[in-house]
Amino acid sequence: MKRNIYENISIPIRILDITIGVLLAILAFIIGTAF
Amino acid sequence: MEKKRKNTRFRRGFAEYKALEPDEKRRRRKEFLINNALYIFLTAVIIAIAVSRPRFLSAGSLINILSLSAANLPIALGIAGAIILTGTDLSAGRAVGLTACVAASLLQATGYANKMFQDLPTVPVFAVILLIVAIGAVIGAVNGFCTAKFNLHPFIVTLATQLIIYGTLLMYLTLGTNNGQSISGLDESYTSFINGSFISFGGTAIPNFVWYALVITIIMWFVWNKTAFGKNMFAVGSNPEAAHVSGVNVTRTIILVFTLAGALYGVTGFIEGARIGSNSAATGLNYELDAIAACVIGGVSFVGGIGKIRGVIMGVVLLRIIFVGLTFLSVNQNLQYIIKGLIILIACAIDMRKYLVRK
């Protein structure tokens, strides 16, 4: 059976994924406006 | 030999990946993308800057990036040790400021009108290096001693010591005839030792301190990877109790890590003293933040016990490239602080994510 790495800790990792995505989007927007 | 081994490992890894089920492949790809999201993003930004501002890749600009990175590398290598112990060091910037001002005050040109110590003869550069490194090491040793013996978090210890160092620096600047002024008019032996050059690239001179940073990096690589002290540092960082049970002297290791870090701040201070040329109480301000950011970007984990010299180098260079690039794009200086903060937050989030996945 495949091991689910999200087992037991699915919520924090998803929150981190979303946080990373949102922060990257903000950063991309800020730097993008400079071009 | 090493290259061949790495190549074989890479091939084996690729063969393993090919044998995986499609679901697992997709998951691995996703993991890779998220773990390296910051690198991918920053590389894309660098390429975009290089395309829109071709002067960014000129020899002068590249040497500028190289020398700015080299100036920040020793302090980052020092802080990386503290981070590996799950700590940090807020006193680094002020330690650089104090050591830079002491070095500059001892190496002012004789006959300079505003010389801080008018009767001081020309001091040999190597004697000042030893003194500066010793001052840095003492600061580091105090940080390490309080952290290890009082079982305090380095955050609060170094917060206290940075204030003490700053006060000492302000008082030092009032000594002699200086009266709190910036220290400039440095002796030629000092400036040529740091800023002089014997190799040029594309018509731009590579300053000597780049080579000093290189030598320090090699020494630090050796200390981290090939000595018992280095192994102990990682052991204490990942689990101090386990390290203690295994016979590692935890207290001694912590004190030594901070002392070594302090010595590296001394080296940075010595370099900065001549590189900047005019040293005041503001010298070294916020240097620790750049160094911590570089370490986090370079994969030195706040979880402890994880970090590589090549990661620190990559973090320092990547951060420098981005900020030189942003200057090329004429990004507002105030906005650059926000960008720096966001980069640190993303790096920390990715670091924590890696830790949770491992757990």
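3J(HN,Hα) couplings calculated from phi for region B:14-25 with the Karplus curve 6.51 cos²θ - 1.76 cosθ + 1.60 (θ = phi - 60°) are, in sequence order, 5, 5, 4, 4, 5, 7, 6, 6, x, 4, 5, 4 Hz; Gly and Pro show x. Stokes-Einstein diffusion for region B:1-107 at 20 °C, viscosity 1.002 mPa s, with a Kirkwood radius from C-alpha pairs, works out to 114 µm²/s.
Available extension along the chain between B:Ser189 and B:Ala50 is 46.3 nm, counting 0.36 nm per residue and deducting the alpha carbon span. Helix B:287-297 and the longest principal axis of the C-alpha atoms of chain B enclose an angle of approximately 10°. For region B:213-328, the spread of Cα coordinates along the three principal axes comes to 51, 26, 24 Å, biggest extent given first. Using a 1.4 Å probe over protein heavy atoms, the accessible area lost on pairing A with B, summed over both chains, comes to approximately 2200 Å². Remark on B:Phe201: its backbone amide H falls under 5 Å from those of B:Ile206, a criterion applied only to residues 5 or more positions apart or on other chains, H modelled at 1.01 Å from N. Would you mind checking the pairs B:Lys25/B:Lys354; B:Lys30/B:Lys308; B:Lys226/B:Lys340; B:Lys308/B:Lys340; B:Lys18/B:Lys354 and listing those with alpha carbons more than 28 angstrom apart? From B:Lys25/B:Lys354; B:Lys30/B:Lys308; B:Lys226/B:Lys340; B:Lys308/B:Lys340; B:Lys18/B:Lys354, over 28 Å: B:Lys226/B:Lys340.
Each residue, B:Ile219 and B:Ala160, gets one label point 7 Å from its Cα in the Cβ direction; the gap between the two is 3.0 nm. Taking amide H atoms as placed 1.01 Å from N in the peptide plane, the amide H of B:Gln108 lies under 5 Å from those of B:Asp187, each 5 or more residues away in sequence or on another chain. The C-alpha atoms of chain B define a longest principal axis, and helix B:208-226 lies at about 50 degrees to it.
Using a Förster radius of 35 Å, what is the FRET efficiency between B:Ile40 and B:Ala205 based on their Cβ-Cβ separation? Nearest 0.05, please.
Numbers: r = 34 Å, r/R0 = 0.97.
The calculated FRET efficiency here is 0.55.
Phi-derived couplings, Karplus 6.51 cos²θ - 1.76 cosθ + 1.60 at θ = phi - 60°, listed residue by residue for region B:39-54: 4, 4, 5, 5, 4, 4, 5, 4, 4, 4, 5, 4, 6, 7, 10, x Hz, with x used for Gly and Pro.
Dividing the summed helix terms, -39500 (n - 2.57) for each DSSP H run of n ≥ 4, by the number of residues in chain B produces a 222 nm estimate of -24500 deg cm²/dmol to the nearest 500.
Longest span of chain B, sites excluded, free of chymotrypsin sites (Phe, Trp or Tyr not before Pro) in DSSP loop with at most 15 other C-beta atoms within 10 Å? Walk me through the numbers before you get to the answer.
On the way: sites that count: B:Tyr112, B:Phe117, B:Phe150.
Answer from the scan: B:151-359.
Taking 0.36 nm per residue of sequence separation and removing the Cα-Cα distance, the B:Arg358/B:His153 pair yields an extension gain of 71.3 nm. If the elastic network links every pair of Cα atoms under 10 Å, which of B:Gly167, B:Gly93, B:Gly269 fluctuates the most in the Gaussian network model of chain B? Maximum fluctuation in the GNM of chain B, among the listed residues, is at B:Gly167.
Amide H contacts of B:Ile183: B:Asn279, B:Ser280, each under 5 Å away and 5 or more positions distant or on a separate chain (H built 1.01 Å from N in the peptide plane; Pro and chain starts excluded).
Might you report the magnitude of the Cβ-based charge dipole of the protein assembly as shown about its Cα centre, with Lys and Arg at +1 and Asp and Glu at -1, to the nearest 20 debye? Could you put the intermediate results ahead of the total?
Values: 34 positive and 17 negative charges, 401 e Å.
It comes to approximately 1920 debye.
With one equal scatterer per alpha carbon and no solvent term, the Debye-computed log10 I(q)/I(0) for region B:142-291 at 0.09, 0.10, 0.14, 0.20 1/Å reads -0.41, -0.50, -0.88, -1.27.
The angle between the Cα long axis of helix B:92-106 and the main principal axis of chain B comes to about 30°, on a 0 to 90 degree scale.
Quick one: plug the Kirkwood hydrodynamic radius of chain B (C-alpha pairs) into Stokes-Einstein at 10 °C, 1.306 mPa s, and report D in µm²/s. Kindly include the intermediate steps, with their values, before the conclusion.
Details: Rh = 21.8 Å.
For these conditions, the coefficient is 73 µm²/s.
When B:His153, B:His244 are compared by accessible area at a 1.4 angstrom probe, the order from most to least is B:His244, B:His153. The string of couplings for region B:153-162 from the Karplus curve (6.51, -1.76, 1.60, θ = phi - 60°) is 6, x, 4, 7, 5, 6, 5, 5, 5, 5 Hz, one whole number per residue in order, with x for Gly and Pro.
Using a Gaussian network model of chain B in which every pair of alpha carbons under 10 angstrom is joined by a spring, one finds that among B:Thr147, B:Thr168, B:Thr217 the greatest mean-square fluctuation is at B:Thr168. When you work out D = kT/(6 pi eta Rh) for the protein assembly as shown at 37 °C and 0.692 mPa s, using the Kirkwood radius from C-alpha pairs as Rh and the Stokes-Einstein form, the result is 145 µm²/s. With contacts taken as Cα pairs under 8 Å and at least 6 residues apart, region B:80-223 reaches a relative contact order of 29 percent.
Applying 0.36 nm per residue to the separation of B:Asn239 and B:Glu16 and subtracting their alpha-carbon distance, the gain on full extension is 77.1 nm.
The values are calculated or read from the model by the stated rules, or taken from the named source; none is laboratory data. This one's a predicted model, so the numbers in the text were calculated from it and none came from an experiment. Glycine also receives a Cβ, built like all others from the backbone with ideal geometry; neighbour counts cover every protein chain displayed. These accessible areas exclude ligands, DNA and RNA; they are computed on the full protein's heavy atoms, side chains included. Shrake-Rupley method; radii C 1.70, N 1.55, O 1.52, S 1.80 Å.
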